[in-house]
1. Run M391 past the list (1) farther than 14 Å from E61 by Cα; (2) of a type outside the set (G, A, S); (3) under 25 Å from the mean Cα position of the chain (by Cα) and report the number of the one that doesn't hold.
2. Looking at region 77-192, what helices (runs of 4 or more DSSP H) fall wholly within it and have at least 1 residues that are of a type in the set (K, R)?
3. Identify, by number, the condition in (1) more than 16 Å from the ligand (Cβ to nearest atom); (2) surrounded by fewer than 24 Cβ atoms within 10 Å (Cβ to Cβ) that I47 doesn't meet.
4. I need the full set of residues from region 15-44 which are away from the ligand (no atom under 14 Å from the Cβ) and among the aromatic types (F, W, Y), in order please.
5. Do we find that A56 is over 24 Å from I97 (Cβ atoms) and buried (at least 22 other Cβ atoms within 10 Å of the Cβ) in this structure?
6. For K167, work out the one condition from (1) closer than 29 Å to M296 by Cα; (2) within 25 Å of the chain's Cα centre (by Cα) it doesn't fulfil.
7. Select, from A340, A348, the only residue that is within 22 Å of L149 (Cβ to Cβ), without any contact (Cβ under 8 Å) to a residue 40 or more places away in the chain and crowded, with 18+ Cβ neighbours inside 10 Å.
8. Considering only region 1-47, how many residues are under 18 Å from the mean Cα position of the chain (by Cα), modelled with pLDDT under 90 and of a type in the set (S, T, Y)?
Amino acid sequence: MENRSNFSSRIGFVLAAAGSAVGLGNIWRFPYLAAKYGGGIFLLVYILLVVSFGFAIMMAEIAIGRKTGLSAIGAYRKLNQKYAFIGIITSLVPMIILPYYSVIGGWVTKYFVTFLGGSHTAAAGDNFFTGFISSPVEPIVWFAIFLALTFVVVLLGVKRGIEKANKFLMPALVVLSVVVAVYAVTLPGAGEGVKYYLMPDFSKFSIKTVLGALGQMFYSMSLAMGIMITYGSYMKKEADIEKSVKQIEWFDTGIALLAGLMIVPAVFVFTGGNEASLKAGPGLMFQTLPKVFESMGAPTIIGSLFFLLVLFAALTSSISLMETVVSIFQDKFKWKRTKACIIVFLGAFVVGLTSSLGYGPWSEFTILGFSFLDFYDFISNSVIMPIVALMTCLFVAYVIGTKTIIEEVKLSSQFKREKIFTVMIKYIAPVCILAILITSVLGAFNIFSI
Ligand code: PHE
């Protein structure tokens with residue numbers, strides 16, 4: 001399409017893609033997974049996977065987007081009519097994630113405002129979090145605010161909205177992360193926690209470490225949901241794809257490592273080295289951390305800074321989700337941006353209501369034993385995403401051929417890691433993805449747990 005918008009610079013593209021990648025996954029999920037799977041050994045496995053596996057899939061997605069100039073739904077069709085269905089399945093992922101991600105974004109917004117207003121003692125109270133998410137109206141209001149912020153940026157378009165917002169939010173996020181991490185690791189007694197986080201515990205290494213790291217990598221790098229295809233479609237032909245992917249990887253992994261430094265040592269000090277509280281999963285950020293902040297000097301400042309950085313991270317991710325859905329509708333129905341944005345906003349709001357109410361008045365309703373929010377999370381991350389990733393690899397390797405991607409990359413630069421790319425996409429990635437798919441589905445039904 002001739003009049004497709006573009007990022008004005010390569011760095012604009014990198015910041016927007018990194019903005020998508022850096023999100024709630026980096027900040028609350030990564031640290032507790034690292035704590036659970038043996039600290040340094042998990043970090044090591046994770047980094048190896050990012051530069052091999054994650055690298056190959058991200059290269060493929062961005063190149064598909066740039067080559068076709070379309071979002072997922074049109075991109076697969078354009079490359080091969082018979083495989084248009086892959087684009088349709090891919091497009092489901094951001095549509096399912098956007099609503100519930102924004103509900104959680106609403107919780108983060110509420111926490112930021114609570115800390116900013118000085119109510120840190122209330123936030124650290126035992127029933128604060130459960131009381132809040134189970135009330136019928138309040139979480140919906142915060143969810144609407146968060147979704148509206150996302151909407152405004154996406155409405156402004158690729159250059160004036162997304163690129164501008166990320167150019168401000170991402171550097172601010174880095175600064176805030178460094179400030180909070182430095183503060184946390186210099187707390188008295190934090191050394192033990194830093195050691196626990198960084199020293200590899202080889203006895204904890206198992207196949208579960210690899211599968212855990214693999215699942216996290218997919219989610220964290222925003223792969224297999226059409227986002228990188230859409231952002232790739234806004235990339236200029238002369239921009240170096242490989243260099244961009246390397247920078248996005250650094251950004252994403254760097255913030256995840258910093259998040260661990262912000263959280264693990266502080267929780268370690270607070271609980272006197274109790275590992276269980278680190279492995280508590282979602283409750284860690286909303287329940288344990290406010291208590292940790294309360295126990296330190298200056299809870300208002302540190303709590304506000306922390307939740308502001310989480311808010312920025314969540315916002316840049318939800319922007320990428322909404323933009324992907326909007327561009328799917330624009331490509332498919334030839335709608336104007338404004339119309340597509342309004343419809344996506346309203347649709348996401350209605351679907352998100354189920355997630356929000358699912359923790360409150362509708363908590364008796366469950367789907368396959370999951371609450372609404374957990375169900376959307378499970379179906380998108382554990383079922384559809386691995387399927388999409390598998391189909392993407394097979395499509396690139398055996399339908400269009402890796403050379404289609406390699407040629408696209410070489411339009412603008414050399415392809416240094418071409419060999420790794422080819423081996424990954426053709427052989428290693430499909431096998432690993434199948435393993436994640438099987439374990440996550442079995443895990444959900446407690447047949448096998450990772
Ligand atoms: N990559 C984001 C993170 O780490 C998560 C995300 C998921 C972003 C889906 C966009 C879409 O939190």
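1. (1)
2. It comes to 84-116, 164-185.
3. Condition (1) is where I47 drops out.
4. Result: Y37, F42.
5. Answer is no for this residue.
6. Looking at each condition in turn, K167 falls short on (1).
7. Exactly one of A340, A348 is within 22 Å of L149 (Cβ to Cβ), without any contact (Cβ under 8 Å) to a residue 40 or more places away in the chain and crowded, with 18+ Cβ neighbours inside 10 Å, namely A340.
8. Within region 1-47, residues that are under 18 Å from the mean Cα position of the chain (by Cα), modelled with pLDDT under 90 and of a type in the set (S, T, Y) number 1.
The values are calculated or read from the model by the stated rules, or taken from the named source; none is laboratory data. Since the structure is predicted, the reported quantities are computational estimates derived from the model, not experimental observations. Cβ: placed from backbone, ideal geometry, glycine included. Neighbour counts: every protein chain shown.
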